[in-house]
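Peer 1: Here it is: the structure, laid out below.
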Amino acid sequence: MTDDRFAYRIRQTLNYGLQDIPPATCRRLEAARHQALAHQKQTVPQWSLATAGHGAMHFSFPAPLKQVLTILALLLGMWIAFYWHSHQYISELEEVDSALLSDDLPPEAFLDQDFSQWLEDSSGE
Amino acid sequence: MSHFLESVERRAFKQAMFAVRDEEAALDIVQDSMLKLAEKYGNHPCDEFPMLFQRILQNTIRDYYRRTKVRSMWTTVLSALTPDNEEDGDPLETLETEDTSNLASTPEKQVLQAQTLTAIEDEIRKLPTRQREAFLMRYWEDMDVAETAAAMGCSEGSVKTHCSRATHALAAALSAKGIKL
């Protein structure tokens, strides 16, 4: 008889012996199993990309890559905020410039100190 | 995880019994092993469970040996059982079996099956620890050589050697008792 065949017979007999385990022991094994399952470590939530009605594609990144991606996302957010702020500032300047250029007074008048003094005196009167 | 533990818990209990020969201790070992597997590796892929669980189980059995060695000289003797060539210790009654591979369908066959089982379990207990671990993982837990090697922390060649020696030792011991499988 080959080793595998012999081992298979042993396995069959051992499996037969599993039926002889007392019910009380089986109950304790079952209780131990439930206790273990209550403490089971859960899977960490992963990035997921929903597909068209066919479940979701899951991607998991190694820890160092996650840190790099987090930093990159932060830098991208900061750049977007800075760009948006600059854009707003430039738009405000453009409005002032266009108001000045479309006014009857020439822009040089606002740089003239005497003109400013005259405006203050006029408003005082 | 639940399905895996349910499928393996009885065999794990028997394995622990082979090693420690004490029902309470064996139950504690299985409980600790299941808890460790769930707590530390509960989020691992299911196909890794057999190897991880066997590794934890064998380590928990070794921890039990260490603790009991300190506690009691009597247990030290038992835990240090490493028979070189386990030939007939106490010969059980010689059995003439025609076909023990089939499930016992008659009371007589059931008795023979039970006696064969007792003899096999007795001989498995007598195997050296590493041989017993390798044999049970390969042939009872149905793990392949690579998985068994990973669980035992040794090379695949060592696993094959342990399994071969265990198989031949069991065959010789059972043959000496007149048991044919």
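Peer 1: Could you tell me which of the pairs B:LYS14/B:LYS126; B:LYS36/B:LYS126; B:LYS36/B:LYS69 are separated by over 20 angstrom between their Cα atoms in the structure shown?
Peer 2: B:LYS36/B:LYS126; B:LYS36/B:LYS69
Peer 1: At 1.4 Å probe size, with no ligands or nucleic acids counted, give the accessible surface of A:LYS66 in Å², nearest ten.
Peer 2: Counting only protein heavy atoms, the figure is 80 Å².
Peer 1: With a point put 7 Å past each Cα toward its Cβ, work out how far A:ASP20 is from B:SER164 in nm, to one decimal.
Peer 2: Modelled inter-label distance: 3.2 nm.
Peer 1: Under 24 Å from the Cα of A:LYS66, which lysines turn up, not counting those fewer than eight places away in the same chain?
Peer 2: Cross-link targets: A:LYS41, B:LYS40.
Peer 1: Sticking with this structure for a sec: Averaged across B:26-37, how many Cβ atoms of other chains sit within 10 Å of each residue's Cβ atom?
Peer 2: Partner-chain Cβ atoms within 10 Å, mean over residues of B:26-37: 4.
Peer 1: What figure, in Å² to the nearest 10, do you get for the accessible area of A:TYR8 with a 1.4 Å probe and non-protein molecules left out?
Peer 2: 110 Å²
Peer 1: For peptide A:17-29, compute the average count of partner chain beta-carbon atoms within 10 Å of each residue's beta-carbon.
Peer 2: 4
Peer 1: Ranked highest first by average number of other Cβ atoms within 10 Å, how do A:87-97, B:129-139, B:168-178 line up?
Peer 2: Descending packing order for the listed peptides: B:129-139, B:168-178, A:87-97.
Peer 1: Tell me, in nm to one decimal, what length is gained between A:SER122 and A:LEU72 on full extension, where the rule is 0.36 nm per residue of separation less the Cα-Cα distance?
Peer 2: Length gained, A:SER122 through A:LEU72: 12.3 nm.
Peer 1: Would you mind getting me the FRET efficiency between B:CYS154 and B:GLU48? Use the beta-carbon distance for r and R0 = 25 Å, nearest 0.05.
Peer 2: Calculated transfer efficiency: 0.85.
The values are calculated or read from the model by the stated rules, or taken from the named source; none is laboratory data. As the structure is a computational prediction, the values presented were derived from the model and not from experiment. Neighbour counts are summed over all protein chains in view; Cβ atoms, including those assigned to glycine, are modelled from backbone coordinates with ideal geometry. Side chains are part of the model used for accessible areas, which takes the heavy atoms of the whole protein and leaves out ligands, DNA and RNA. Shrake-Rupley method; radii C 1.70, N 1.55, O 1.52, S 1.80 Å.
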